[in-house]
Amino acid sequence: MVTQELDPRRWLVLAVVGAAFFMTILDVSIVNVALPTIGEELHFSRGNLQWVITAYALTFGGFLLLGGRAADLLGRRSVFMVGVALFSIASLVAGLASSEGVLIAARAVQGLGGAIISPAALSIVSTTFTEGAERNKALGIWGALGGSGAAVGVLLGGVLTKYAGWEWIFFVNVPVGALVLVLAARMIRESRVETAERRYDPFGAITVTAGLALLVYAISRAPFVGWATTRTILLLIASAVLVAAFLVIERSVRAPLMPFRIFRVTTVAGANVVGFLLGGVVFANFFVLTLYVQNVLHFSALRAGVTFLATAGTAVISAGVAQALVTRGGGKPILATGLALLTGGMLWYTQIPVDGSYVSDLLPGYLLVGVGLAWAFVPVSIAALAGVAEREAGLASGLINTSQQIGGAIGVALASTVFSTHIGKGRATLETLTEGYALAFWVMAGFAVAGVLATLLLIRREELAQSPAAVPTTAA
């Protein structure tokens, strides 16, 4: 342990794993502003464009806990490098994609790579830095990377799409990934949990991911094939069977991915419910807003990226304020306020007009969402660790990230289904597009209101006070 503390390379190790983590966060927001361009050039059908987002989120969320366990048992450096290689290859394939099927498949593999990278990278940071001021500083930098990744992504996505082509939002990952692999092999020490019993629960990860993917597919295709058709009903039944199988597996295996005992703490269960709803609001908000500003207001990808900086920049600034307020007054009122602000932002967007302007019709919502994001994410991340034993802090941190990613996938799918149903199979006009997007924002407002209610009913102040706030989550 002393050797690790004195190792002059420890900050370089943080830079290497931080670059890979930054890449996985960047790839969520960098894709959003390029979606309309991708949809046009690859001839995406209206209902399938959302899979560019949901394919990544589903595999990321579905395999996150398995990735963390594999890193601990097989070796953190080895698993980290496998994740980086997988992510980089998938990025190359995504950039070369000439059809929607190839791009969606590549995005799913990217999500799997991200699910391996994130927990392995955070474990490397935790084991490279000894407890105390240095580790806290390292984890602070880690959290800043998560927040800034979203801000940089929206701008970089616009710049690359306009001046280099949408393919470069994926190609940019390839040289970064190659450099990380070279440096990781030379600089990162191998480490693992020494135990005689190695159990991974791959069937748990596969069943829950497959079940959720079928659910998303069923609800996203229902507007085009019909809700009462045999196809839709059978897909929903198959999804329910797979999710039920996941629950049975988790209760019967010796080392489940999701030990249900952790949810005995009401605040932890509540935090994951809120995290699911929060993910749904955030992912769907950026997805629908991107389509509105480019398809209806005819903003370029670059201009759209610049406008989203109002939200991303506000969120980064507000995060410090939220942290201070949580420390002084407790997390529950800040979390409820953040979700209320998000509700206000979604309600503001329900009024979007066909001929909207940035300052009067978008900016107030951008600012409400920016503050609401920070005020919700900071306390929900802390609440997810409330009353959790130190040995299970990693599990609790992984669970809240999983809830947010899966909530995001479901939220995007529901939003896409709502506006696709309104627009119908005919030719879309600016009026029908705007009305459809506005209806989707009503759904998001419902998610946000449900988040407020879950906070008030399930988050308990006395349990929240027991949370080890020094452990960060990775989905900022």
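Restricting attention to the range 246-266, and to residues there that are in contact (Cβ under 8 Å) with a residue 60 or more places away in the chain and β-branched (Val, Ile, Thr), which single residue is surrounded by the fewest Cβ atoms within 10 Å (Cβ to Cβ)?
266
What pairs come out if I take residues in the range 267-282 that are under 16 Å from residue 61 (Cβ atoms) and pair them with residues that are of a type in the set (Phe, Trp, Tyr) and at pLDDT 95 or above whose C-beta lies under 7 Å away, six or more apart or interchain?
Cβ pairs passing all conditions: 277/447; 280/447; 281/447.
Cβ-Cβ below 6 Å, separation at least six or inter-chain, first residue in the range 96-122 and surrounded by 19 or more Cβ atoms within 10 Å (Cβ to Cβ), second among the basic types (Lys, Arg): which pairs?
Listed pairs, sorted by first residue: 120/76.
Condition check: in contact with a Pro (Cβ under 8 Å, 6 or more places away or on another chain) and within 20 Å of residue 448 (Cα to Cα). Does residue 267 satisfy that?
When the stated conditions are applied, residue 267 does not pass them.
Does residue 356 meet the test of being assigned to a helix (DSSP H, G or I) and out of contact with any Lys or Arg (no Cβ under 7 Å at 6 or more places or on another chain)?
Spelling it out, it is not the case that residue 356 is assigned to a helix (DSSP H, G or I) and out of contact with any Lys or Arg (no Cβ under 7 Å at 6 or more places or on another chain).
Checking the conditions here, which among 3, 54 is at pLDDT below 90 and either of a type in the set (S, T, N, Q) or surrounded by 24 or more Cβ atoms within 10 Å (Cβ to Cβ) (or both)?
That would be 3, the only listed residue that is at pLDDT below 90 and either of a type in the set (S, T, N, Q) or surrounded by 24 or more Cβ atoms within 10 Å (Cβ to Cβ) (or both).
Taking the condition of being buried (at least 23 other Cβ atoms within 10 Å of the Cβ) and either under 23 Å from the mean Cα position of the chain (by Cα) or at pLDDT 95 or above (or both), how many residues in the range 437-467 meet it?
Of the residues in the range 437-467, 11 are buried (at least 23 other Cβ atoms within 10 Å of the Cβ) and either under 23 Å from the mean Cα position of the chain (by Cα) or at pLDDT 95 or above (or both).
List the residue pairs whose Cβ atoms are under 6 Å apart, where the first residue sits in the range 393-420 and is of a type in the set (Phe, Trp, Tyr), the second is buried (at least 24 other Cβ atoms within 10 Å of the Cβ) and not in a helix (DSSP H, G or I), and the two are 6 or more positions apart or on different chains.
none
The values are calculated or read from the model by the stated rules, or taken from the named source; none is laboratory data. Bear in mind that the values here come from a model prediction, so they are computed numbers and not experimental data. When we count neighbours, we look across all protein chains shown, and the Cβ atoms used for this are built from the backbone with ideal geometry, even at glycine.
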